[in-house]
Amino acid sequence: MHTVNLLIHLVENNQALVYCIIFLGLIVEGEITVIATGILVHLDALPLWAALMVVLSGGFSKTFLGYYLGTVIHDKWSNVKFFKFFEKRVRLMAPKFKEKPFWSIFISKFIMSSNTIVVLFSGFERIPFKRYLKAEALATIIWAPGLIALGYFFSYTALNISREIWRFTLIVLSFFILYTIIDILLSRAYQLFEEFYDTK
């Protein structure tokens, strides 16, 4: 029977690769990568400060790269149908994006899978870079340690139930699903609030 020690040894023996995966994972996705990092920190497979630095550097790289890519999309492909659909989706998620870009960008960081689209759209819409960077930086500074702490809690709770790797993984997966459901409900509540506020 394998315990979580197998995972710990695997990560400890391949730390450079794990940091690369975390960094790239943050550019492509975000939430799951950071929560998984928090789990590895709790298991002592990664040191907290090194993990936090990699998470922050990945998060800020996405901030700059996403905005730049958004400007490129605007300049070269703004009339392509796919990007018109992309624009409609952002307006659905954040109806007040143009009027209140700061809060739309800030809040998108805490809505699963929304931030990547909003970051690209900020560049696409040429939101003033200083305002965009201020919102992204403030959100990232809160979001990164918050999700690492959440991963730490998931791991702590799962480890208290079982050290057997498959049961541990199943418990953590259950927490991920619960987190996703809560995140979807909160994002929907925010959209309804925005719509209600807009009609008023």
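Coordinate-derived values only; no laboratory data. Here the structure is a predicted model, which is why all the values come from computation and not from measurement. Cβ coordinates were reconstructed from backbone atoms using ideal geometry, including for glycine residues, and neighbour counts include every protein chain displayed.
Annotation: amide H-H contacts under 5 Å for Ile111 (H modelled 1.01 Å from N, sequence separation of 5 or more, or interchain): none.
Mind running the shape call on the chain? Use the C-alpha gyration tensor, a ≥ b ≥ c as the square roots of the eigenvalues: rounded below 1.5 for a/c, prolate if a/b tops b/c, oblate otherwise. The shape class here is prolate. Remark on Thr3: its backbone amide H falls under 5 Å from those of Ile165, a criterion applied only to residues 5 or more positions apart or on other chains, H modelled at 1.01 Å from N.
Taken one residue at a time, the phi angles of the stretch 32-48 give Karplus couplings (6.51, -1.76, 1.60, θ = phi - 60°) of 4, 4, 6, 4, 4, 4, x, 5, 5, 5, 4, 6, 6, 7, 10, x, 4 Hz. Gly and Pro are set to x.
For trypsin sites (Lys or Arg not before Pro), the sites in the stretch 123-185 that DSSP calls loop and that have at most 14 other Cβ atoms within 10 Å are Arg126, Arg163.
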